[in-house]
1. Within the range 230-257, track down each residue that is closer than 22 Å to Gly168 by Cα and part of a strand (DSSP E or B).
2. Checking the structure you have, find out if any residue of the range 26-34 is surrounded by fewer than 16 Cβ atoms within 10 Å (Cβ to Cβ) and out of contact with any Cys (no Cβ under 9 Å at 6 or more places or on another chain).
3. Do we have Ile120 as within 30 Å of Arg215 (Cβ to Cβ), buried (at least 17 other Cβ atoms within 10 Å of the Cβ) and of a type in the set (Val, Ile, Thr) here?
4. Restricting to the range 179-190, give me the number of residues that are at pLDDT 90 or above and surrounded by 17 or more Cβ atoms within 10 Å (Cβ to Cβ).
5. Across the range 206-234, which residue is surrounded by the fewest Cβ atoms within 10 Å (Cβ to Cβ) among those that are in contact with a Lys or Arg (Cβ under 9 Å, 6 or more places away or on another chain) and in contact (Cβ under 8 Å) with a residue 60 or more places away in the chain?
6. Do we have Gly473 as at pLDDT below 85, among the small types (Gly, Ala, Ser), part of a loop (DSSP other than H, G, I, E, B) and more than 37 Å from the chain's Cα centre (by Cα) here?
7. Which count do you get for residues in the range 140-156 that are more than 17 Å from Gly168 (Cα to Cα) and of a type in the set (Ser, Thr, Tyr)?
8. Return yes when Leu449 is under 15 Å from Gly282 (Cα atoms) and either surrounded by 20 or more Cβ atoms within 10 Å (Cβ to Cβ) or among the acidic types (Asp, Glu) (or both) and no when it is not.
Amino acid sequence: MHSTQGRRVKIVGTLGPSSSSAERLFALIQEGLDIARLNFSHGTHQFHAGLVQTVRDNARKLERPVAIMQDLQGPKIRAGKLGPGGITVKAGDILLLYPEGATPKQSVVGRIPLPISAEIADAVARDALVGGRLLFDDGKVATRITSVKPPEMIVEVEVGGKLSDHKGMNLPGSPLSIPCVTEKDLEDLKFGLAQGVDAVALSFVRSAEDIERVRREIKKVSNHVPLLVAKIEREEAVQAQDAIIEVSDGLLVARGDMAVEVGAERVPGIQKRLIHSCNQLGVPIITATQMLESMIQCPTPTRAEASDVANAVFDGTDAVMLSGETASGEYPLEAVRVMSRIVLEAERHKEFNTAPKDVVPVPGSVVESIEFSASRIADHVGAVAIATLTHSGVAAKTLSKFRPSRPIVAITDNEAVLRKLMFCWGVKGVLIDKILGTDDLFAMVEKSLISHGWAEAEDLIVVTAGVPTLRRGTTNMVKVHRVGAAVERGRPLNDRPPDLES
């Protein structure tokens with residue numbers, strides 16, 4: 001008997017030194033990598049261009065669609081270069097923060113001079129509030145602001161520790177006026193568009209306008225339109241979540257910076273609210289940061305990490321993300337393998353799933369009504385899969401919103417659309433040539449599902465499509481089809497195997 005059940009929640013893996021070789025990327029895709037994340041806080045354009053090409057080549061070899069997500073650095077506030085060994089500070093020390101490359105204007109007597117990123121020093125100082133907290137290295141070193149004279153600040157250390165070059169800084173509770181997208185981000189964005197990335201993640205989003213601004217920037221330089229994924233990490237973004245979700249193609253719960261900005265104790269509740277809201281609207285959401293952090297150095301995860309991944313699945317996330325585990329860790333393949341096993345086990349326990357059960361079609365939407373009906377019909381008739389013919393990807397994304405219990409197979413003639421659908425819960429994909437006749441359509445669907453082991457003769461499948469076939473925005477048909485019926489009508493299955501390039 002064939003098996004049609006597979007992992008529904010997608011796996012995002014960050015690429016880096018541990019995963020940059022062709023052999024390693026080939027193995028990662030084999031293990032189940034669905035989305036490759038390129039972190040533009042690190043690496044040169046040349047390095048990232050090599051990764052893009054290697055991912056594309058290996059995805060084609062393995063006949064698996066793999067999306068590429070460019071993650072822009074954003075206005076990351078960082079310490080400057082501190083020299084060999086960095087510096088160690090203790091509680092009570094007074095630090096003078098000044099722009100890197102300049103000479104401090106204030107006296108350094110009794111103060112430890114500490115350079116910070118020159119391009120943001122003045123703006124940060126103008127936004128900083130005396131009495132506010134300034135944290136380094138994800139909160140490992142904590143200070144309190146005692147004086148502000150832009151572009152310089154004086155802070156007193158409350159929790160000491162070691163600081164090294166370019167450690168991140170956070171000002172929790174201080175609204176920042178720095179643009180969400182920096183000049184570096186714009187240059188990186190142009191490069192990513194030229195490389196044909198499938199999605200762009202925006203760091204430190206604060207409002208819906210941040211997303212809209214990037215859309216305008218993209219239109220200025222390219223006809224290529226990637227998905228825009230808003231990273232939620234600042235308090236302003238949490239407060240504006242509904243407006244941000246409305247204009248975004250996806251969300252990413254960036255729990256690292258979020259914990260520093262709003263407090264670690266608030267992160268689980270925010271995660272659940274964000275996932276619930278995205279589920280209601282059919283917007284894909286990725287849960288990220290330290291999911292299997294111990295596997296950077298260890299071949300097995302902690303029990304708490306396994307529970308963290310499983311709970312994200314129970315919450316209803318579309319994808320889970322690996323960062324250092326695959327980018328720089330010692331066990332990148334094992335991390336993807338373990339992540340996949342945890343997800344599959346969690347998905348078996350449907351009784352623990354807390355994703356909203358009351359998601360209904362948007363009134364007046366034909367495609368939502370069709371896909372909602374397809375998900376219910378598939379259950380009632382015992383279909384082994386739901387195949388949706390889609391040119392733009394909207395039909396398959398919409399079907400994913402209703403979380404059907406049967407596998408979703410997106411069949412499309414658009415390779416870029418197939419890769420973007422990798423962000424959507426439960427969607428598998430097949431690339432085809434143009435199909436014009438309705439009879440050809442069902443023969444092709446049968447051939448595609450049989451060749452992948454998703455169906456066999458006499459199985460029932462549910463098919464949604466538009467008539468005329470594959471015209472954009474025309475999904476208007478749902479049909480229960482028995483595999484083999486296309487042959488019985490006297491039309492043999494297409495002898496040529498389908499084009500399965502990713």
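1. Step one: list which residues in the range 230-257 are closer than 22 Å to Gly168 by Cα, which gives 230-238, 252-257.
Hits for the range 230-257 are Ala230, Lys231, Ile232, Leu252, Val253, Ala254.
2. As a first pass, look at the range 26-34 and keep what is surrounded by fewer than 16 Cβ atoms within 10 Å (Cβ to Cβ): 30.
Adding the requirement that they be out of contact with any Cys (no Cβ under 9 Å at 6 or more places or on another chain) leaves 30.
Yes, the range 26-34 contains at least one residue that is surrounded by fewer than 16 Cβ atoms within 10 Å (Cβ to Cβ) and out of contact with any Cys (no Cβ under 9 Å at 6 or more places or on another chain).
3. yes
4. Qualifying residue count, the range 179-190: 4.
5. Leu227
6. Numbers: at pLDDT below 85: yes; among the small types (Gly, Ala, Ser): yes; part of a loop (DSSP other than H, G, I, E, B): yes; more than 37 Å from the chain's Cα centre (by Cα): no.
Here the answer is no, as Gly473 does not meet what is asked.
7. Selection size over the range 140-156: 2.
8. Working: under 15 Å from Gly282 (Cα atoms): no; either surrounded by 20 or more Cβ atoms within 10 Å (Cβ to Cβ) or among the acidic types (Asp, Glu) (or both): yes.
For Leu449, the condition - under 15 Å from Gly282 (Cα atoms) and either surrounded by 20 or more Cβ atoms within 10 Å (Cβ to Cβ) or among the acidic types (Asp, Glu) (or both) - is not met.
The values are calculated or read from the model by the stated rules, or taken from the named source; none is laboratory data. Everything quoted here is computed from the prediction, not taken from an experiment. Backbone-built Cβ (ideal geometry, glycine too); neighbour counts: all protein chains shown.
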